[in-house]
Amino acid sequence: MALSIKSDLFHTNKLLFARTERSISSMKRAESNNLAVISPVKIGLKALHVARALRQRKIDEVERRERRGKFGIYGGTFVPETLMSCLAKLEADFNFVLHDAEFQAELAIALRDYVGRETPLYFAERLTNYYKNENGEGPDIYLKREDLNHCGAHKMNNAIAQAMIAKHMGRQRVVAATGAGQHGIATAAACAKLSLDCTVFMGSEDKEKQASNVFLIKLLGAQVTKVEGSFKDASSEAIRQWVNDLEVSYYLTGTVVGPHPCPSMVREFQSIIGRETRRQAMERWGGRPDVVVACIGSGSNALGIFHEFVGDEGVRLVGVEAAGFGLDSGRHAATLAAGHVGVYHGAMSYLLQDQEGQVLGAHSVGVGLQYPGVGPELSFLKDTGRAEFHTVTNEEALNAYQLLSRLEGIIPAMEAAHALAYLQKLCPTLPDSTKVVVNCSGRGDKDAPLFFQHRPTLNA
């Protein structure tokens, strides 16, 4: 059953099914009415000013809700009173460092000199040519190369920033949970740099699949603690450990889930991906991307690149979830495609659960996508229609993993391969020279053994 520190909340999940359907419909109507694009030709200049004022009022309202940790009906702080003061302090420190010139200067240096930012916006010429039609037409495909960050993934953007906050708060020990191991490595590295003790919790299933990353976490000086199960179970145990040692420990989350302010913090520190992408696109072709594509697990890499463009209605935001063995198989991680609204790990969002509100296990060949929930902000973007979400299967992701490796000499993380796999369906629908940016969120050397398990003939 869903783990919360307030267990009675999870008995409400079944009741939320019907109740939130009405709320979602109402929200969609409100968003449509208030955020509609109004033509100045039709309504005149005065009416245009009114429309802009209404739009700005709606934006201000959304920002106020976000400051309270709410994205529409999603998010919130579903935790016991004993945690409220700790989360309030965390939010206060987060808000302080956001506006503290000294902290921001230190973070900018760390991102440049330690993480290795900015990362390139790479034109994938051979991949582009591969998807051209018989007339030689098709979109131009660019990769945002987060795989080139220190430790090989986007996770370091957030890990170094939050480790600095932990240091600022006087914490001596950091606890974290990891699935594919990329967040574990990033957290262990950041803690080594800042002289913080580090314990990384990892599900037994994931620990076996990502053995090379376990070695690296240990090499960096962190303790790896095995938890029976998968990433969701490791997350639960990390939260328990944090709750038992609030005065000394800091829970360094790498996902945009959990109680407020955790989702907003991770989104904020990952949003550098989108800011760089906007600037680089302007330099490369003098405009914005037409389509931005990212894989969806819990959502940190997707929101990292989406957030900058949420206000640009001409930019399509495409999230790709893991369909595993297919949505009908019951073995997938497609929370937005097949989930229902519920409460898990301290926040309300879409969640894979049965009719009794019991949390279901998630499955994907991309270990980092195996989480039964998704971030509240992504849940909100789904309901408002601002972002669209699709799925690809294990087989499609494996094919994309091989394709990029062979065409571009770039080995993507199996998680990012899900985003790349969707190009097979997306590209034939796009006009010639459409600018598509795919967030290559991590490198895939960690996934090579897993790939050859599924493709043994290629290892003969």
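The values are calculated or read from the model by the stated rules, or taken from the named source; none is laboratory data. Note that this is a predicted model, so its numbers are computed, not measured. Virtual Cβ from ideal backbone geometry, glycine too; neighbours counted across all protein chains shown. The protein model used for the area step is the full one, side chains on, heavy atoms only, and it has no ligands, DNA or RNA in it. Shrake-Rupley method; radii C 1.70, N 1.55, O 1.52, S 1.80 Å.
Secondary structure note: in the chain, about 30% of the DSSP beta bridges are antiparallel. How charged is the neighbourhood of M414? Take every other residue with its Cβ under 9 Å from the Cβ of M414, and add Lys/Arg as +1 and Asp/Glu as -1. Its environment carries a net charge of -1. Length gained on full extension, Q223 to A105: 39.4 nm, using 0.36 nm per residue less the C-alpha separation.
Note on the chain: helix-only mean residue ellipticity at 222 nm, from DSSP H runs of 4+ residues weighted -39500 (n - 2.57) and normalised by residue number, equals -14500 deg cm²/dmol. Simple point charges give the picture: +1 on the Cβ of Lys and Arg, -1 on the Cβ of Asp and Glu, and for segment 282-398 a dipole about the Cα centre of about 120 debye. Along the chain, counting only GluC sites (Glu not before Pro) with a DSSP assignment other than H, G, I, E or B and at most 13 other Cβ atoms inside a 10 Å radius, the longest segment between sites is 1-133. Placing +1 on each Lys and Arg Cβ and -1 on each Asp and Glu Cβ, with no other charges, gives the chain a dipole about its Cα centre of roughly 860 debye. When both segment 151-174 and segment 204-259 are represented by their alpha-carbon centers, they are found 14 Å apart. Ordering L352, S329, F306 by Cα displacement along the dipole of the chain toward the positive end leaves F306 in first place; charges were set at the Cβ atoms of Lys, Arg (+1) and Asp, Glu (-1). Answer with a single label: of [x] 21.3, 71; [y] 21.1, 62; [z] 23.2, 83, which was calculated as Rg and Dmax of the Cα atoms in Å from the structure in view? Answer label, from the structure shown: [x]. Projecting label points 7 angstrom from Cα along Cα→Cβ for D445 and R68 puts them 4.9 nm apart.
Counting only heavy atoms of the protein chains and using a 1.4 Å probe, I272 has close to 30 Å² of accessible surface. Taking 27 Å as the limit for the C-alpha separation, the pairs K209/K425; K193/K226; K167/K446 exceed it in the case of K209/K425; K167/K446. Evaluated at q = 0.16, 0.27, 0.28 Å⁻¹, a Debye calculation over the C-alpha positions of segment 307-362 (equal weights, vacuum) places log10 I(q)/I(0) at -0.60, -1.03, -1.07.
With a simple spin-label model that places each label point 7 Å from the Cα along the Cα-to-Cβ direction, the separation between R406 and R275 comes to 4.0 nm. What does the charge add up to near R443, with Lys and Arg as +1, Asp and Glu as -1, over the other residues with Cβ less than 12 Å from its Cβ? So the surrounding residues net to -2. Residue separation of R284 and F96 scaled by 0.36 nm, minus their Cα-Cα distance, works out to 64.2 nm of gained length. Taking the Cβ of V115 as the centre, find all other residues whose Cβ is under 13 Å away and add up their charges (Lys, Arg: +1; Asp, Glu: -1). Net charge around V115: -1. Counting every pair of alpha carbons in segment 229-351, the share spaced more than 20 Å apart comes to 54 percent.
Residues whose amide H falls under 5 Å from that of R316, counting only those 5 or more places apart or on a different chain, are V291, V292, with hydrogens built in the peptide plane.
Under a 5 Å amide H cut-off, with hydrogens placed 1.01 Å from N, Y344 pairs with S349 among residues at least 5 apart or on other chains. Remark: accessible surface ordering of L458, L83, L219 (largest first) is L219, L458, L83, probe radius 1.4 Å. The length gained on full extension between E395 and Q355, counted as 0.36 nm times the residue separation minus their Cα-Cα distance, comes to 11.5 nm.
For the pair T457 and A211, label points projected 7 Å from Cα toward Cβ lie 2.6 nm apart.
Each residue was assigned an accessible area with a 1.4 Å probe, and for T393 the value is about 40 Å². Using the Karplus curve 6.51 cos²θ - 1.76 cosθ + 1.60 with θ = phi - 60°, what ³J(HN,Hα) values do you get for each residue of segment 329-344, in whole Hz, with x for Gly and Pro? Karplus-based 3J(HN,Hα) across segment 329-344 equals 6, x, 10, 7, 10, 8, 5, 6, 7, 10, x, 10, 6, x, 10, 8 Hz. Under 12 Å from a label point set 7 Å out along the Cα-to-Cβ vector of N129, the amide N atoms of segment 408-434 belong to 408. Between segment 406-445 and segment 331-397, the alpha-carbon centres lie 21 Å apart.
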